[in-house]
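A.B. asks: First, the structure itself, so that you have it in front of you.
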Amino acid sequence: MSASVLDGLATAATIKDELRNRVRSLTSSGHTPGLATLLVGDDPGSKWYVAGKHRDCAEVGIASISRELPATASQAELEAVIDELNVSPEVTGYIVQLPLPDHIDSEALIERIDPAKDADGLHPMNLGRLVARVSGEIDSPLPCTPRAVIELVERHGQSLSGAHVVVVGRGITVGRSIGLLLTRRGVDATVTLTHSRTNNLSHYLQQADVIVAAAGSPHIVGTEDVKSGAIVLDVGVSREEDPETGKPRIVGDVDPAVAEVAGWLSPNPGGVGPMTRALLLQNVVEMAERQAGGHGG
(Lines give C-alpha, C1' and ligand atoms only; values in the text may rest on other atoms or scores of the structure.)
Protein backbone atom coordinates (compact mmCIF):
# COMPACT_ATOMS: atom_id res chain seq x y z
CA MET A 1 0.00 0.00 0.00
CA SER A 2 1.11 3.53 -0.72
CA ALA A 3 0.96 6.26 1.90
CA SER A 4 -1.95 8.69 1.94
CA VAL A 5 -0.91 12.16 0.83
CA LEU A 6 -0.81 15.15 3.17
CA ASP A 7 -1.84 17.56 0.43
CA GLY A 8 -0.36 20.97 1.22
CA LEU A 9 -1.64 22.62 -1.95
CA ALA A 10 -5.29 21.77 -1.32
CA THR A 11 -5.07 22.53 2.41
CA ALA A 12 -3.37 25.88 1.76
CA ALA A 13 -6.16 26.75 -0.68
CA THR A 14 -8.72 26.05 2.06
CA ILE A 15 -6.86 28.30 4.51
CA LYS A 16 -6.72 31.09 1.91
CA ASP A 17 -10.48 30.81 1.44
CA GLU A 18 -10.94 31.23 5.19
CA LEU A 19 -8.58 34.21 5.25
CA ARG A 20 -10.38 36.03 2.42
CA ASN A 21 -13.44 36.47 4.62
CA ARG A 22 -11.37 37.73 7.54
CA VAL A 23 -9.46 40.16 5.30
CA ARG A 24 -12.74 41.41 3.82
CA SER A 25 -14.04 42.11 7.32
CA LEU A 26 -10.83 43.91 8.33
CA THR A 27 -10.77 46.01 5.16
CA SER A 28 -14.42 47.03 5.52
CA SER A 29 -13.62 48.35 9.01
CA GLY A 30 -10.66 50.37 7.72
CA HIS A 31 -7.86 47.99 8.74
CA THR A 32 -6.42 46.60 5.49
CA PRO A 33 -3.61 44.13 6.35
CA GLY A 34 -0.27 44.75 4.65
CA LEU A 35 2.71 42.39 4.26
CA ALA A 36 6.11 43.82 3.35
CA THR A 37 9.13 41.90 2.11
CA LEU A 38 12.78 42.90 2.25
CA LEU A 39 14.86 41.19 -0.44
CA VAL A 40 18.61 41.68 -0.67
CA GLY A 41 20.48 40.63 -3.81
CA ASP A 42 19.28 38.64 -6.79
CA ASP A 43 19.35 35.01 -5.66
CA PRO A 44 16.86 33.24 -7.99
CA GLY A 45 15.40 31.09 -5.21
CA SER A 46 14.85 34.05 -2.91
CA LYS A 47 13.30 36.12 -5.71
CA TRP A 48 10.96 33.25 -6.54
CA TYR A 49 9.88 32.84 -2.91
CA VAL A 50 9.25 36.57 -2.47
CA ALA A 51 7.27 36.81 -5.72
CA GLY A 52 5.13 33.91 -4.53
CA LYS A 53 4.37 35.68 -1.27
CA HIS A 54 3.17 38.76 -3.14
CA ARG A 55 0.95 36.60 -5.34
CA ASP A 56 -0.49 34.97 -2.22
CA CYS A 57 -1.28 38.39 -0.77
CA ALA A 58 -3.15 39.38 -3.92
CA GLU A 59 -5.20 36.18 -3.76
CA VAL A 60 -6.63 36.95 -0.31
CA GLY A 61 -6.76 40.76 -0.47
CA ILE A 62 -3.70 41.59 1.66
CA ALA A 63 -1.76 44.66 0.49
CA SER A 64 1.86 43.89 -0.33
CA ILE A 65 4.86 46.19 -0.08
CA SER A 66 8.23 45.33 -1.63
CA ARG A 67 11.66 46.62 -0.62
CA GLU A 68 14.66 45.43 -2.65
CA LEU A 69 18.33 46.26 -2.13
CA PRO A 70 21.43 45.13 -4.04
CA ALA A 71 23.69 42.42 -2.65
CA THR A 72 26.28 45.13 -1.96
CA ALA A 73 23.96 46.98 0.46
CA SER A 74 25.52 47.78 3.83
CA GLN A 75 24.30 46.81 7.29
CA ALA A 76 23.33 50.44 7.88
CA GLU A 77 21.26 50.57 4.67
CA LEU A 78 19.35 47.45 5.66
CA GLU A 79 18.80 48.77 9.17
CA ALA A 80 17.34 51.95 7.70
CA VAL A 81 14.77 49.91 5.75
CA ILE A 82 13.94 47.88 8.88
CA ASP A 83 13.37 51.12 10.80
CA GLU A 84 11.11 52.41 8.01
CA LEU A 85 9.00 49.23 7.99
CA ASN A 86 8.73 49.27 11.78
CA VAL A 87 6.94 52.62 11.75
CA SER A 88 5.01 52.42 8.46
CA PRO A 89 1.24 52.39 9.10
CA GLU A 90 0.74 50.44 5.84
CA VAL A 91 2.82 47.51 7.11
CA THR A 92 1.02 45.09 9.43
CA GLY A 93 3.91 42.65 9.32
CA TYR A 94 6.99 41.95 7.25
CA ILE A 95 9.69 39.43 6.52
CA VAL A 96 13.39 39.70 5.79
CA GLN A 97 14.08 37.08 3.11
CA LEU A 98 16.92 34.77 4.14
CA PRO A 99 19.71 34.00 3.49
CA LEU A 100 21.34 37.44 3.49
CA PRO A 101 24.79 38.19 2.02
CA ASP A 102 27.72 37.01 4.13
CA HIS A 103 28.78 40.51 5.16
CA ILE A 104 25.39 41.18 6.81
CA ASP A 105 24.73 40.35 10.47
CA SER A 106 21.43 38.51 9.99
CA GLU A 107 20.75 38.00 13.70
CA ALA A 108 21.14 41.71 14.43
CA LEU A 109 18.68 42.55 11.65
CA ILE A 110 16.07 40.07 12.90
CA GLU A 111 16.40 41.47 16.42
CA ARG A 112 15.82 44.96 15.01
CA ILE A 113 12.37 43.95 13.71
CA ASP A 114 9.44 45.23 15.78
CA PRO A 115 8.26 41.96 17.42
CA ALA A 116 4.64 42.97 16.76
CA LYS A 117 5.43 43.10 13.01
CA ASP A 118 7.49 39.90 12.88
CA ALA A 119 5.48 37.98 10.28
CA ASP A 120 7.81 34.97 10.36
CA GLY A 121 7.54 34.61 14.15
CA LEU A 122 11.32 34.30 14.53
CA HIS A 123 12.14 37.37 16.64
CA PRO A 124 13.81 36.33 19.95
CA MET A 125 11.03 38.00 21.93
CA ASN A 126 8.33 36.04 20.10
CA LEU A 127 10.25 32.78 20.46
CA GLY A 128 10.71 33.61 24.14
CA ARG A 129 6.97 34.02 24.61
CA LEU A 130 6.51 30.62 23.00
CA VAL A 131 8.99 29.13 25.48
CA ALA A 132 7.25 30.71 28.45
CA ARG A 133 3.66 29.92 27.50
CA VAL A 134 2.88 26.22 27.43
CA SER A 135 -0.90 26.72 27.56
CA GLY A 136 -3.49 29.35 26.77
CA GLU A 137 -3.62 31.76 23.88
CA ILE A 138 -0.44 33.31 22.46
CA ASP A 139 -0.94 36.85 21.24
CA SER A 140 2.29 37.10 19.25
CA PRO A 141 3.26 35.74 15.80
CA LEU A 142 4.13 32.02 15.64
CA PRO A 143 6.86 30.41 13.49
CA CYS A 144 5.24 29.71 10.11
CA THR A 145 6.75 26.37 9.09
CA PRO A 146 6.29 24.59 12.45
CA ARG A 147 2.74 25.88 12.55
CA ALA A 148 2.26 24.65 8.97
CA VAL A 149 3.38 21.14 9.92
CA ILE A 150 0.82 20.92 12.73
CA GLU A 151 -2.01 22.38 10.64
CA LEU A 152 -1.28 20.00 7.75
CA VAL A 153 -1.43 16.94 9.98
CA GLU A 154 -4.50 18.00 11.97
CA ARG A 155 -6.50 19.16 8.94
CA HIS A 156 -6.13 15.64 7.55
CA GLY A 157 -7.84 14.25 10.63
CA GLN A 158 -4.70 12.98 12.35
CA SER A 159 -4.06 13.65 16.03
CA LEU A 160 -0.64 14.52 17.42
CA SER A 161 -1.76 14.06 21.03
CA GLY A 162 0.53 11.59 22.75
CA ALA A 163 2.45 10.92 19.54
CA HIS A 164 6.25 10.57 19.51
CA VAL A 165 7.52 13.11 16.98
CA VAL A 166 11.14 12.86 15.86
CA VAL A 167 12.44 16.07 14.27
CA VAL A 168 15.54 15.94 12.07
CA GLY A 169 17.29 19.30 11.84
CA ARG A 170 18.17 22.00 14.37
CA GLY A 171 17.82 25.18 12.31
CA ILE A 172 15.99 28.28 13.50
CA THR A 173 13.22 27.98 10.89
CA VAL A 174 11.95 24.58 12.02
CA GLY A 175 14.06 22.44 14.33
CA ARG A 176 14.69 24.82 17.20
CA SER A 177 11.10 26.01 17.51
CA ILE A 178 8.79 23.21 16.38
CA GLY A 179 9.11 21.32 19.68
CA LEU A 180 7.79 24.37 21.51
CA LEU A 181 4.56 24.21 19.47
CA LEU A 182 4.24 20.42 19.45
CA THR A 183 4.51 20.15 23.24
CA ARG A 184 1.99 22.89 24.01
CA ARG A 185 -1.14 21.83 25.85
CA GLY A 186 -3.75 21.07 23.25
CA VAL A 187 -1.22 19.52 20.84
CA ASP A 188 0.46 17.34 23.48
CA ALA A 189 3.08 15.54 21.41
CA THR A 190 6.37 14.17 22.77
CA VAL A 191 9.37 15.41 20.81
CA THR A 192 12.88 14.12 20.15
CA LEU A 193 15.17 16.59 18.36
CA THR A 194 17.88 15.00 16.19
CA HIS A 195 20.23 16.29 13.51
CA SER A 196 22.91 15.25 11.03
CA ARG A 197 25.46 14.62 13.81
CA THR A 198 23.15 12.44 15.92
CA ASN A 199 24.69 9.02 16.60
CA ASN A 200 22.57 6.18 15.19
CA LEU A 201 19.91 8.52 13.76
CA SER A 202 17.99 5.59 12.31
CA HIS A 203 17.42 4.21 15.84
CA TYR A 204 15.43 7.31 16.79
CA LEU A 205 13.56 7.52 13.48
CA GLN A 206 12.37 3.93 13.75
CA GLN A 207 10.64 4.77 17.05
CA ALA A 208 8.74 7.74 15.63
CA ASP A 209 5.00 7.95 15.16
CA VAL A 210 5.68 11.17 13.23
CA ILE A 211 8.88 12.24 11.45
CA VAL A 212 9.54 15.88 10.56
CA ALA A 213 12.56 15.89 8.24
CA ALA A 214 13.98 19.41 8.11
CA ALA A 215 17.74 19.00 7.84
CA GLY A 216 18.21 20.13 4.23
CA SER A 217 20.06 16.86 3.57
CA PRO A 218 18.85 14.93 0.51
CA HIS A 219 17.09 11.66 1.36
CA ILE A 220 18.45 11.54 4.92
CA VAL A 221 15.28 9.57 5.77
CA GLY A 222 15.01 6.25 3.94
CA THR A 223 12.54 3.38 3.97
CA GLU A 224 14.60 1.49 6.56
CA ASP A 225 14.19 4.43 8.97
CA VAL A 226 10.39 4.53 8.99
CA LYS A 227 8.08 2.23 10.90
CA SER A 228 4.97 1.00 9.16
CA GLY A 229 2.11 3.49 9.24
CA ALA A 230 4.14 6.47 10.48
CA ILE A 231 3.33 10.03 9.44
CA VAL A 232 6.27 11.55 7.53
CA LEU A 233 6.64 15.22 6.63
CA ASP A 234 9.35 16.15 4.14
CA VAL A 235 10.31 19.75 4.97
CA GLY A 236 13.98 20.09 4.04
CA VAL A 237 14.90 21.49 0.63
CA SER A 238 18.10 20.90 -1.31
CA ARG A 239 18.93 21.61 -4.93
CA GLU A 240 20.85 19.25 -7.15
CA GLU A 241 21.41 18.78 -10.85
CA ASP A 242 18.93 16.58 -12.68
CA PRO A 243 21.13 13.92 -14.38
CA GLU A 244 18.75 13.73 -17.35
CA THR A 245 18.24 17.44 -18.09
CA GLY A 246 21.26 19.02 -16.41
CA LYS A 247 18.92 21.55 -14.80
CA PRO A 248 18.63 22.17 -11.04
CA ARG A 249 15.79 20.42 -9.23
CA ILE A 250 14.42 20.43 -5.70
CA VAL A 251 15.18 17.37 -3.60
CA GLY A 252 13.62 16.68 -0.24
CA ASP A 253 14.99 15.05 2.92
CA VAL A 254 12.80 11.98 2.46
CA ASP A 255 13.40 9.23 -0.09
CA PRO A 256 10.19 8.98 -2.18
CA ALA A 257 10.24 5.21 -1.61
CA VAL A 258 9.18 5.93 2.00
CA ALA A 259 5.64 6.11 0.57
CA GLU A 260 5.71 2.30 0.53
CA VAL A 261 5.88 2.05 4.34
CA ALA A 262 4.49 5.32 5.75
CA GLY A 263 0.83 5.78 6.58
CA TRP A 264 0.86 9.45 5.58
CA LEU A 265 3.46 11.40 3.61
CA SER A 266 3.71 15.08 2.75
CA PRO A 267 5.37 15.46 -0.66
CA ASN A 268 8.18 17.89 -1.43
CA PRO A 269 7.32 20.08 -3.24
CA GLY A 270 3.58 20.38 -2.63
CA GLY A 271 3.40 19.61 1.08
CA VAL A 272 4.63 21.87 3.86
CA GLY A 273 5.91 24.59 1.48
CA PRO A 274 2.49 25.89 0.33
CA MET A 275 1.25 25.58 3.91
CA THR A 276 4.10 27.74 5.20
CA ARG A 277 3.11 30.48 2.77
CA ALA A 278 -0.54 30.20 3.83
CA LEU A 279 0.40 30.39 7.52
CA LEU A 280 2.50 33.50 6.83
CA LEU A 281 -0.70 35.11 5.53
CA GLN A 282 -2.59 33.86 8.58
CA ASN A 283 0.03 35.45 10.84
CA VAL A 284 -0.47 38.79 9.06
CA VAL A 285 -4.26 38.57 9.33
CA GLU A 286 -4.06 37.71 13.03
CA MET A 287 -1.64 40.60 13.60
CA ALA A 288 -4.05 42.96 11.82
CA GLU A 289 -6.94 41.68 13.94
CA ARG A 290 -4.96 42.32 17.12
CA GLN A 291 -4.01 45.80 15.94
CA ALA A 292 -7.64 46.49 15.07
CA GLY A 293 -8.78 45.39 18.51
CA GLY A 294 -10.42 42.20 17.39
CA HIS A 295 -12.18 43.34 14.20
CA GLY A 296 -12.57 40.62 11.63
CA GLY A 297 -11.89 37.63 13.89
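A.B. asks: Looking only at the stretch 196-223, which residues are in contact with a Pro (Cβ under 9 Å, 6 or more places away or on another chain) and in a strand (DSSP E or B)?
C.D. replies: Answer for the stretch 196-223, where residues must be in contact with a Pro (Cβ under 9 Å, 6 or more places away or on another chain) and in a strand (DSSP E or B): just Val212.
A.B. asks: Among residues belonging to the stretch 76-103 that are part of a helix (DSSP H, G or I) and of a type outside the set (A, V, I, L, M), point out the one that is farthest from the chain's Cα centre (by Cα).
C.D. replies: The extreme case among them is Glu77.
A.B. asks: For the stretch 14-26, give me each residue that is of a type in the set (A, V, I, L, M) and within 22 Å of Ile231 (Cα to Cα).
C.D. replies: Selection gives Ile15 alone.
A.B. asks: Further question on the same structure: So, in the stretch 123-141, exactly how many residues are in a helix (DSSP H, G or I) and open to solvent by 60 Å² or more (accessible area, probe 1.4 Å)?
C.D. replies: Here the count works out to 5.
A.B. asks: Report the residue count in the stretch 1-34 for those that are open to solvent by less than 10 Å² (accessible area, probe 1.4 Å) and over 29 Å from Val153 (Cα atoms).
C.D. replies: Of the residues in the stretch 1-34, 0 are open to solvent by less than 10 Å² (accessible area, probe 1.4 Å) and over 29 Å from Val153 (Cα atoms).
A.B. asks: Could you go through the stretch 75-94 and let me know if any residue there is small (Gly, Ala, Ser), touching a helix residue (DSSP H, G or I) at 6+ places or on another chain (Cβ under 9 Å), open to solvent by 40 Å² or more (accessible area, probe 1.4 Å) and more than 29 Å from Leu180 (Cβ to Cβ).
C.D. replies: Checked against the condition, which is being small (Gly, Ala, Ser), touching a helix residue (DSSP H, G or I) at 6+ places or on another chain (Cβ under 9 Å), open to solvent by 40 Å² or more (accessible area, probe 1.4 Å) and more than 29 Å from Leu180 (Cβ to Cβ), the stretch 75-94 yields no hits at all.
A.B. asks: On the given criteria, is Arg176 within 20 Å of Leu127 (Cβ to Cβ) and either in a loop (DSSP other than H, G, I, E, B) or open to solvent by less than 60 Å² (accessible area, probe 1.4 Å) (or both)?
C.D. replies: Judged against the criteria, Arg176 is not a match.
A.B. asks: Let me ask something additional. Determine which single condition Glu289 fails, assuming it passes every other condition in (1) open to solvent by 30 Å² or more (accessible area, probe 1.4 Å); (2) among the acidic types (Asp, Glu); (3) touching a Gly at 6+ places or on another chain (Cβ under 9 Å).
C.D. replies: Of everything listed in (1) open to solvent by 30 Å² or more (accessible area, probe 1.4 Å); (2) among the acidic types (Asp, Glu); (3) touching a Gly at 6+ places or on another chain (Cβ under 9 Å), Glu289 misses just condition (1).
A.B. asks: A further question follows. In the stretch 35-49, which residues are modelled with pLDDT of 95 or more and either assigned to a loop (DSSP other than H, G, I, E, B) or surrounded by fewer than 19 Cβ atoms within 10 Å (Cβ to Cβ) (or both)?
C.D. replies: Gly41
A.B. asks: Could you count how many residues in the stretch 224-278 are touching a Cys at 6+ places or on another chain (Cβ under 8 Å) and part of a loop (DSSP other than H, G, I, E, B)?
C.D. replies: Looking only at that region, the number is 0.
The values are calculated or read from the model by the stated rules, or taken from the named source; none is laboratory data. In this text the structure is predicted, and so the values were computed from the model without any measurement. Heads up, the Cβs are rebuilt from the backbone with ideal geometry, glycines too, and the neighbour counts pull from every protein chain shown. Surface areas here come from the heavy atoms of the whole protein model, side chains and all, with no ligands, DNA or RNA. Shrake-Rupley method; radii C 1.70, N 1.55, O 1.52, S 1.80 Å.
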